[in-house]
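Undergrad: Questions regarding the structure given below will be posed in turn.
The values are calculated or read from the model by the stated rules, or taken from the named source; none is laboratory data. Nothing here was measured: the structure is a model prediction, and the numbers come from that model. FYI the Cβ positions are ideal-geometry reconstructions off the backbone, even for glycines, and counts take in every protein chain you see. Heads up: the accessible areas ignore ligands, DNA and RNA and are worked out on the full protein's heavy atoms, side chains in. Shrake-Rupley method; radii C 1.70, N 1.55, O 1.52, S 1.80 Å.
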Amino acid sequence: MIQRRTRRGIILLALLATLSWMLSRESGEVEDSPIRRLDTRLNYALYDFAGRLLDQEGSVNFEFQAPVLRSNARSGVGTIESPEIQIQQEDEQWYITAESAIITSDQEHVSLMGEVFLSRTNRLTGELLEISTMDVLLNVTPRTASSESEVLITHANDRLSATGFTIDMISNTFELLKDIRAYYETP
């Protein structure tokens, strides 16, 4: 016959084993669940990143993708490799690429660095405007872009070149700053 002390020990051991199994099973389920929110107090890198901003009606008006996005928690500044940005402004679709970019902590200013290409396509007419330059500052909310570098603008068979420019994507206007040269082809 089993002594009373031994029986209590076996029961206690069985209870501890059951409790251990239950606790380990619950923590395993937590680990398998997806991450709901990034901890922005940590530095992080996102690979094959894609993001969208919606307007008041819920339509996509700003899309962003990049192979790598890094964020520095202390400064709040993000760095991006090979960003691709699409901006929808009524019937105009802007497509912007660069070698790299830096996003300020307030996410309102994007410094596009290296070779930067901007193109605007009218979805109704198919009209295309292409801009090639270096080092552009993109202001997200007012939808403006500017640079002090050499710029080449191509529209149909017409070409403009200058040093420095400013573009307002909402009013669909641009200003060339200095050393402007133009080549217009008559139909």
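Undergrad: Please work out which residue is farthest from residue 94 (Cα to Cα), limiting yourself to segment 175-186 and to residues that are under 32 Å from the mean Cα position of the chain (by Cα) and open to solvent by 60 Å² or more (accessible area, probe 1.4 Å).
TA: Per the stated criteria, the residue is 178.
Undergrad: Same structure again: Taking only segment 104-115 into account, find how many residues are open to solvent by 30 Å² or more (accessible area, probe 1.4 Å) and assigned to a strand (DSSP E or B).
TA: Initially, segment 104-115 is screened for residues open to solvent by 30 Å² or more (accessible area, probe 1.4 Å), giving 104-109, 111, 113, 115.
Now restrict to residues that are assigned to a strand (DSSP E or B): 109, 111, 113, 115.
Qualifying residue count for the region: 4.
Undergrad: Follow-up question, since we're still on this one. Return a yes/no flag: does segment 67-74 have any residue that is assigned to a loop (DSSP other than H, G, I, E, B), open to solvent by 60 Å² or more (accessible area, probe 1.4 Å), in contact with a strand residue (DSSP E or B) (Cβ under 9 Å, 6 or more places away or on another chain) and within 13 Å of residue 105 (Cα to Cα).
TA: Going residue by residue through segment 67-74, those that are assigned to a loop (DSSP other than H, G, I, E, B) are 72-74.
Those still in the list that are open to solvent by 60 Å² or more (accessible area, probe 1.4 Å) too: 72, 74.
This time we only want the ones that are in contact with a strand residue (DSSP E or B) (Cβ under 9 Å, 6 or more places away or on another chain), so: 72.
Pick out the ones that are also within 13 Å of residue 105 (Cα to Cα) and you get 72.
Within segment 67-74, one or more residues are assigned to a loop (DSSP other than H, G, I, E, B), open to solvent by 60 Å² or more (accessible area, probe 1.4 Å), in contact with a strand residue (DSSP E or B) (Cβ under 9 Å, 6 or more places away or on another chain) and within 13 Å of residue 105 (Cα to Cα).
Undergrad: If you don't mind, another one. If residue 42 satisfies all but one of (1) more than 27 Å from residue 157 (Cα to Cα); (2) of a type in the set (A, V, I, L, M, F, W, C); (3) modelled with pLDDT of 85 or more, what's the number of the condition it fails?
TA: (3)
Undergrad: I'm trying to understand the selection: among the residues of segment 75-87, which are closer than 22 Å to residue 121 by Cα, open to solvent by 20 Å² or more (accessible area, probe 1.4 Å) and not in a loop (DSSP other than H, G, I, E, B)? Walk me through it before giving the result.
TA: Let us first name the residues in segment 75-87 that are closer than 22 Å to residue 121 by Cα, namely 82-87.
Remaining after also requiring open to solvent by 20 Å² or more (accessible area, probe 1.4 Å): 82, 84, 86.
If the condition is that a residue be closer than 22 Å to residue 121 by Cα, open to solvent by 20 Å² or more (accessible area, probe 1.4 Å) and not in a loop (DSSP other than H, G, I, E, B), then 84, 86 are the ones that fit.
Undergrad: Given the criterion within 24 Å of residue 173 (Cα to Cα), modelled with pLDDT of 80 or more and open to solvent by 90 Å² or more (accessible area, probe 1.4 Å), identify the matching residue among 57, 90. Break it down stepwise before answering.
TA: Details: 57 fails: within 24 Å of residue 173 (Cα to Cα).
Unique residue meeting the criteria: 90.
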